[in-house]
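Note sheet for the following structure.
The values are calculated or read from the model by the stated rules, or taken from the named source; none is laboratory data. Keep in mind the model is a prediction, meaning the values are calculated, not measured. Quick reminder, even Gly has a Cβ in these numbers, built from the backbone with ideal geometry, and neighbours come from all protein chains shown.
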Amino acid sequence: MIATNERFVLRSTLTSPFGRKARMAIDILGLTGRIDVVPANTLDDHDTLREQNPLGKMPCLLLADGTPIFDSGVIIEFLQEVAGRAPLVPTSGLARYKALTQARLADGIAEAALLMVYEGRFREPSQYSQRWLDHQRGKVTRGLAAFEREPPATTPTDIVGIGLACALGYLDWRKPVSWRDNYPRVAEWLAAFSKCEPAFARTEAPAA
């Protein structure tokens, strides 16, 4: 049984799009006062994040006894159960699997964008692989095209909206792909979503 009065620690930076997903869920579910955000450095060999999540990836939620829960999608489902209500992920049926599939598509956009950013961060310009960058860009553009054809509902906020908003926020912040002119329905969706869901603004990354 999950302890409903337990405090937790979230290992993440404020700039991680996946950490932002978890922080948005925390805000929406009314759990902000019970969770401490502790920064993590995925490149630091001595950061305890690697003990908490052997993959060394953020976000990672720590229970009071040190039990880790990851990744962002699992954390959101766990927090939903802690909150005792299910507004973010359908609990059963085809609707659940459709939502989880669309959420994974949004995550895939963010993952590909991250890999594009990392190519520039970890390689010298002379070592850039244009083929690799094009491969990741294709994932981003195909994912955006799918959401352009059928944007998610603006309200109520769910795991799909959270994931897509955080992916788009990351694209706007790091700019690995210029997307707004090519996907106007997605841009309109984000504008509407951000007006309806205050947690999006409250979890925005600091200026680059």
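Residues considered: Leu43, Leu29, Leu49. Of these, the only one that is more than 25 Å from Arg174 (Cα to Cα) and among the hydrophobic types (A, V, I, L, M, F, W, C) is Leu29. Within the stretch 91-135, being touching an Asp or Glu at 6+ places or on another chain (Cβ under 8 Å) and surrounded by 13 or more Cβ atoms within 10 Å (Cβ to Cβ) holds for Ala99, Trp132, Leu133.
Return the total of residues in the stretch 23-53 being acidic (Asp, Glu), surrounded by fewer than 16 Cβ atoms within 10 Å (Cβ to Cβ) and under 19 Å from the mean Cα position of the chain (by Cα).
Applying the first criterion (acidic (Asp, Glu)) to the stretch 23-53 yields 27, 36, 44-45, 47, 51.
With surrounded by fewer than 16 Cβ atoms within 10 Å (Cβ to Cβ) added as a condition, the list becomes 36, 44-45, 47, 51.
Subset that is under 19 Å from the mean Cα position of the chain (by Cα): 36.
Number satisfying all stated conditions: 1.
Within the stretch 128-154, the set of residues being at pLDDT 95 or above and outside any helix (DSSP H, G or I) comprises Glu150, Pro151, Pro152, Ala153, Thr154.
Determine which member of the set Arg174, Arg202 is in contact (Cβ under 8 Å) with a residue 60 or more places away in the chain, basic (Lys, Arg) and surrounded by 17 or more Cβ atoms within 10 Å (Cβ to Cβ). Lay out the reasoning, then the answer.
Values: Arg202 fails: surrounded by 17 or more Cβ atoms within 10 Å (Cβ to Cβ).
Sole residue among the options that is in contact (Cβ under 8 Å) with a residue 60 or more places away in the chain, basic (Lys, Arg) and surrounded by 17 or more Cβ atoms within 10 Å (Cβ to Cβ): Arg174.
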